[in-house]
């Protein structure tokens, strides 16, 4: 059908299928700025267009409905100045992180300003209410709107929206545009799905309807004969290597306990078969035609079920250790029908008891500590499973090319993807190239290899280009979730609040497979206990297999739940002792110069060592929050009749990469015009890492950012990097880039010394890109040109490699002020302040965006986000209607981020990590504030109205994660 | 995402009426926020697109309000509709959806969380539909939907005390519970002609005369706990991902009590 309409001001005629969603039609016609985040549920708003003057979701418009219509997409920026101004304002306000939602946000603001030239906050909220963003926390969008309005009146208008640091430096500590932001804001081809060739084949999974079952028989014959079907993978014809999907450094602290397809399915949604067909529809039809006969087994649906004597065994394969250690004291002989379980080294697991891993250790004498206490309390805290929900789901495009396998991936760990996929397929690593495209949100979930193995294998074995994208439902249940945890805290203290003993017992639910099974729960301990100075501490960690979806990495990596338990328990202790909660924290917290003994027991997979802390900004941060919240005065009254007001405060910490374990590398090339090419191994997943590394190089080599291009995360082109996890980006990848720049600088100085005939000690590299001697000077451009000529000294290239044993802790103090309705259990966050010591903020406005985003996520986790299962283990809230994430309306009225930088001695220009830590504060701070408001302790998150009413005694029925 | 194999786009209402009379099972498409909101791949064989032919207008008269069924939520919000309509309309998800969702679609979908049905039921709404020469009471039509909705006629609520309350988990969530009330306040400050509609306790939003009778003729209720205690035993919910039955029954009674106590006389 031929239709005519106006697209971005131009009359258009397209031959279309009228019954296709407009979203699909636009993308098929090369308009890739419309994105798909919810598969047509109509909730995410990322496919938005302006149709006849109003913003609508193009997934809910059929193409036949736009005949004669006026349609605008963000691509209108090419001819529309207002859109360009909005895009620039979004960039200058640091609103562009992963960029997946940015075109939709741009259109929403454009549409708003068309009808209202002076919108207030309510109007902005309304305009952006239909657009989900998981990265930014929305707060900086308000600035972007205001900046746009001012620039529409005065195009040259400039405003310093955010603080800057390090006045002596040109780039570091200054607010600069994110290097990839303009491409994102203008809706260019950046993400994996934007690079898929028209001749690509499609993968559809057949997934298990049972939580625990053997596949007795699988018949693919009918499906294989269906139109378009190329092949079908099952446990009968897939590679037989066991592996872990955890994208961790080798040898991984996660058991190799899964096959590409297993004869046994271990959760509802587990892989049964993968169909490769010409179209997605053909693959779906064929998947539905596969006949499977199951032997259904009783499932394990909770940590308590897993521990019961005689519980069903989730993994009953033969157990062995790859490092040659002989497993002792555990059952190792298993059911031959199940794949073997291979630990790279002992994680103290006992799989046949459903124990995937365990650890216990401590310092001092815990019994003596409790015996010396005047008060002992013991409390248990529960954190249910939540999903990170990146708006771009897991997606991969794999194709064979010139005898090699090329994988375009949306991943945080390109090198680990290469290693794992090569091993699974049986290829040497040189045959595999991973190209990390822009990532539409990762948050940890894309540290796991959940689609690349299948797509890579199918592409390699069939010789076809293969596209595989998770549906939103699959993203909810088969990517990776935060671990469910139950944490018991036992604290002993003197009457004056001095802690004498701290005991932490943690049970975690790793789900059907053991990726990150020890490291996530251990991080709950290692990022919460070291905040306290106490001579007697002990922890015990057990990680259990269940038949629920696999858990894994998610921003904070266990720390949010550890912080919830430790900080809330401290507040409960303060109440019993009759001590102000902040005074109790002050009395026992880590401080500058403190020796943190517990780190002796908390090495990251190897023996730890106590650390003597340098400077620590906690005192100043607590002081600022205390003042801002008038902590020592009575709380202000509630703003609504019948509601009650309360305040809470916590201190939190994280790390900056994995000292002693991980490494990063970078290379900087001086090109013949004096510009620079930075090859960084780092994987920017929207956090701005490429901008950070570019700034570090620009600062060191005294050039403008515009003179640098960053190529990152391509295993063929860029050097090795551990990947983006464990808050390592700035610290590891940043330091590698810095070292490469310093290396290049030294090489330039040496080369210039010969040309200028002056000793290196007399030379300085000064802005703009000039080496200045006492008698002469030479620009980097000229130096580069000469160096590659016949009389030169070879191309000037700097190399940097970074590893460290130094642990750099970012710290923060979070304060919340809320009101709660005792009759309904509803909670409203009025104020949330995050005071943060991330060392030198390399790019302060982007760093603030990281904090806003993390805090709002954590507010969602604390108040309403929760994965719910039915009694058979099936996840029942697999979409954004049933699993709620915060919208712009959930932003606290007073949402404030403030940096209190304390330089780290090893970090680049004093920088430390910034993003992950900020998810650790909301749950305990809100729990404490709820107690202040309502007098109840909420020890299970999320603190839904229902749980609050239960705690108040208003209703009796316990709300369960398994319904 | 929904794909339609055969999208029928009639040129006139007569053509559409004829088509639907012969093909009553074929779903109709106006704004698409219900029919096309489907996160799983779904192929519909045939759909009748009425989006361009159903009337779009709002006529607020002295005693009556008439709304064209093709009017979107956002258009109605921007009109001079009475405040109680605004309150209900704002519970529709978010602006993107309100820009597309139509009044007729909200009635046709007849979901328990419907934003407008409670208000229309309170205001004795009648529908002009292609299948009838006379106006059809909304309640009758909801039990036996036929034809294409063209117009909604309802009483102007001026002078009535009305309220619309709801409960949802986040600002842009579907309402788990809706409670709408309308009554006249007598010279003795009593509730008369009380009507109550509840959503979230059955497949569709429903008038609840059983609950209304508890308060008919009594002074305007002011003791929330007492109201809740009387109402809660009459509510029967199911446990699902939005909460346990007990919780929903409690919160339904709470929201209805709030609606009764804080109803405002419509200007």
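Which of the residues that make up the range B:203-212 are more than 12 Å from residue B:234 (Cβ to Cβ) and out of contact with any strand residue (DSSP E or B) (no Cβ under 8 Å at 6 or more places or on another chain)? Residues satisfying the conditions are B:203, B:204. Scanning the range A:383-398 turns up no residue that is over 30 Å from residue A:564 (Cα atoms), surrounded by fewer than 24 Cβ atoms within 10 Å (Cβ to Cβ) and touching a strand residue (DSSP E or B) at 6+ places or on another chain (Cβ under 8 Å).
For the range B:230-248, a residue qualifies if it is in a helix (DSSP H, G or I), closer than 22 Å to residue B:162 by Cα and either in contact (Cβ under 8 Å) with a residue 24 or more places away in the chain or more than 13 Å from chain A (Cβ to nearest Cβ) (or both), and the qualifying residues are B:230, B:231, B:234. With the checklist (1) away from chain B (no Cβ under 14 Å); (2) within 25 Å of the chain's Cα centre (by Cα); (3) crowded, with 24+ Cβ neighbours inside 10 Å in hand, flag the one item residue A:940 doesn't pass. Failing condition for residue A:940: (3). Summed over the range A:877-908, residues that are touching a strand residue (DSSP E or B) at 6+ places or on another chain (Cβ under 8 Å) and away from chain B (no Cβ under 14 Å) total 12.
Does the range A:859-876 hold any residues that are part of a loop (DSSP other than H, G, I, E, B), within 14 Å of chain B (Cβ to nearest Cβ) and touching a strand residue (DSSP E or B) at 6+ places or on another chain (Cβ under 9 Å), and which are they? Matches in the range A:859-876: A:865, A:866, A:867, A:868, A:870, A:871, A:876.
Would you confirm whether or not the range A:57-70 contains a residue that is within 33 Å of the chain's Cα centre (by Cα), within 8 Å of another protein chain (Cβ to nearest Cβ) and in a strand (DSSP E or B)? Give the derivation first.
Our first condition is that a residue be within 33 Å of the chain's Cα centre (by Cα); within the range A:57-70, this holds for A:57-61.
From what is left, the residues that are within 8 Å of another protein chain (Cβ to nearest Cβ) are A:57, A:59-61.
With the extra rule that they be in a strand (DSSP E or B), the set shrinks to A:57.
Within the range A:57-70 (the criterion being within 33 Å of the chain's Cα centre (by Cα), within 8 Å of another protein chain (Cβ to nearest Cβ) and in a strand (DSSP E or B)), the answer is yes, since at least one residue qualifies.
So which residues in the range A:364-376 are buried (at least 21 other Cβ atoms within 10 Å of the Cβ) and part of a strand (DSSP E or B)? Of everything in the range A:364-376, nothing turns out to be buried (at least 21 other Cβ atoms within 10 Å of the Cβ) and part of a strand (DSSP E or B). Residues that are under 14 Å from residue A:681 (Cα atoms) and assigned to a loop (DSSP other than H, G, I, E, B) within the range A:789-806 comprise just one, A:803.
Looking at A:856, A:846, which one is within 14 Å of chain B (Cβ to nearest Cβ), buried (at least 24 other Cβ atoms within 10 Å of the Cβ), modelled with pLDDT of 95 or more and not in a strand (DSSP E or B)?
Details: A:846 fails: within 14 Å of chain B (Cβ to nearest Cβ).
After applying the criteria, what remains is A:856.
Residues in the range A:666-689 include at least one that is assigned to a helix (DSSP H, G or I) and within 22 Å of residue A:907 (Cβ to Cβ). Being under 19 Å from the mean Cα position of the chain (by Cα) and surrounded by 23 or more Cβ atoms within 10 Å (Cβ to Cβ): is that true of residue A:880 here? Considered against the rule, which asks whether it is under 19 Å from the mean Cα position of the chain (by Cα) and surrounded by 23 or more Cβ atoms within 10 Å (Cβ to Cβ), residue A:880 comes out as yes.
Modelled with pLDDT of 95 or more, surrounded by 24 or more Cβ atoms within 10 Å (Cβ to Cβ) and over 16 Å from residue A:721 (Cβ atoms): does that describe residue A:466? Can you show your working first?
On the way: modelled with pLDDT of 95 or more: yes; surrounded by 24 or more Cβ atoms within 10 Å (Cβ to Cβ): yes; over 16 Å from residue A:721 (Cβ atoms): yes.
Yes, satisfied.
What do you reckon, is residue A:524 in a helix (DSSP H, G or I) and in contact with a helix residue (DSSP H, G or I) (Cβ under 7 Å, 6 or more places away or on another chain)? Here the answer is yes, as residue A:524 does meet what is asked.
Among residues belonging to the range A:571-580 that are in contact with a strand residue (DSSP E or B) (Cβ under 7 Å, 6 or more places away or on another chain) and buried (at least 17 other Cβ atoms within 10 Å of the Cβ), point out the one that is farthest from residue A:499 (Cα to Cα). Steps first, please.
Filtering the range A:571-580 for residues in contact with a strand residue (DSSP E or B) (Cβ under 7 Å, 6 or more places away or on another chain) gives A:572-573, A:576-577.
Right, trim to buried (at least 17 other Cβ atoms within 10 Å of the Cβ) and you get A:572-573, A:577.
On the way: A:572: 13, A:573: 10, A:577: 12 Å.
So the residue we want is A:572.
Summed over the range A:943-952, the residues that are over 14 Å from residue A:868 (Cβ atoms) and either within 12 Å of another protein chain (Cβ to nearest Cβ) or buried (at least 21 other Cβ atoms within 10 Å of the Cβ) (or both) give a count of 6. Of all the criteria given as (1) part of a strand (DSSP E or B); (2) surrounded by fewer than 24 Cβ atoms within 10 Å (Cβ to Cβ), the one not satisfied by residue A:591 is (1). Within the range A:452-485, the set of residues being within 14 Å of another protein chain (Cβ to nearest Cβ) and assigned to a helix (DSSP H, G or I) comprises A:472, A:473, A:474, A:475, A:476, A:477. Taking the criterion of being closer than 19 Å to residue B:257 by Cα, in contact (Cβ under 8 Å) with a residue 60 or more places away in the chain, within 14 Å of chain A (Cβ to nearest Cβ) and surrounded by 21 or more Cβ atoms within 10 Å (Cβ to Cβ), would at least one residue in the range B:186-198 satisfy it? Scanning the range B:186-198 turns up no residue that is closer than 19 Å to residue B:257 by Cα, in contact (Cβ under 8 Å) with a residue 60 or more places away in the chain, within 14 Å of chain A (Cβ to nearest Cβ) and surrounded by 21 or more Cβ atoms within 10 Å (Cβ to Cβ). Just a yes or no: is a residue in the range A:73-86 more than 15 Å from residue B:2 (Cα to Cα), touching a residue at least 12 places away in the same chain (Cβ under 8 Å) and in contact with a strand residue (DSSP E or B) (Cβ under 6 Å, 6 or more places away or on another chain)? Within the range A:73-86, one or more residues are more than 15 Å from residue B:2 (Cα to Cα), touching a residue at least 12 places away in the same chain (Cβ under 8 Å) and in contact with a strand residue (DSSP E or B) (Cβ under 6 Å, 6 or more places away or on another chain).
Residue selection: residue A:738 fails the criterion of being farther than 17 Å from residue A:698 by Cβ, crowded, with 21+ Cβ neighbours inside 10 Å, at pLDDT 95 or above and within 45 Å of the chain's Cα centre (by Cα). Contact map, the range A:24-36: residues that are within 13 Å of chain B (Cβ to nearest Cβ) paired with residues that are part of a helix (DSSP H, G or I), Cβ distance under 6 Å, separation 6+ or inter-chain. Pairs shown: A:25/A:63; A:34/A:23; A:34/A:26; A:34/A:58.
Looking at residue A:613, is it touching a strand residue (DSSP E or B) at 6+ places or on another chain (Cβ under 9 Å) and crowded, with 20+ Cβ neighbours inside 10 Å? Give the derivation first.
On the way: touching a strand residue (DSSP E or B) at 6+ places or on another chain (Cβ under 9 Å): yes; crowded, with 20+ Cβ neighbours inside 10 Å: no.
It is false that residue A:613 is touching a strand residue (DSSP E or B) at 6+ places or on another chain (Cβ under 9 Å) and crowded, with 20+ Cβ neighbours inside 10 Å.
Only one of the numbered conditions (1) more than 30 Å from residue B:241 (Cα to Cα); (2) surrounded by fewer than 20 Cβ atoms within 10 Å (Cβ to Cβ) is violated by residue B:143, and that is (1). Restricting the search to the range A:37-56, which residues are surrounded by 24 or more Cβ atoms within 10 Å (Cβ to Cβ), touching a residue at least 60 places away in the same chain (Cβ under 8 Å) and more than 9 Å from chain B (Cβ to nearest Cβ)? Once the filter is applied, which keeps residues that are surrounded by 24 or more Cβ atoms within 10 Å (Cβ to Cβ), touching a residue at least 60 places away in the same chain (Cβ under 8 Å) and more than 9 Å from chain B (Cβ to nearest Cβ), the range A:37-56 yields A:37, A:44, A:46. For the range B:19-27, the criterion of a residue being away from every other protein chain (no Cβ under 14 Å), without any contact (Cβ under 8 Å) to a residue 12 or more places away in the chain, outside any loop (DSSP other than H, G, I, E, B) and surrounded by fewer than 22 Cβ atoms within 10 Å (Cβ to Cβ) is satisfied by at least one position. Evaluating residue A:832 against the criteria (1) in a strand (DSSP E or B); (2) within 14 Å of chain B (Cβ to nearest Cβ); (3) under 25 Å from residue A:96 (Cα atoms) leaves one unmet condition, (2).
The values are calculated or read from the model by the stated rules, or taken from the named source; none is laboratory data. As the structure is a prediction and not an experimental result, all values here were calculated from the model. Reconstructed Cβ throughout: ideal geometry from the backbone, glycine too, with neighbour counts over all protein chains shown.
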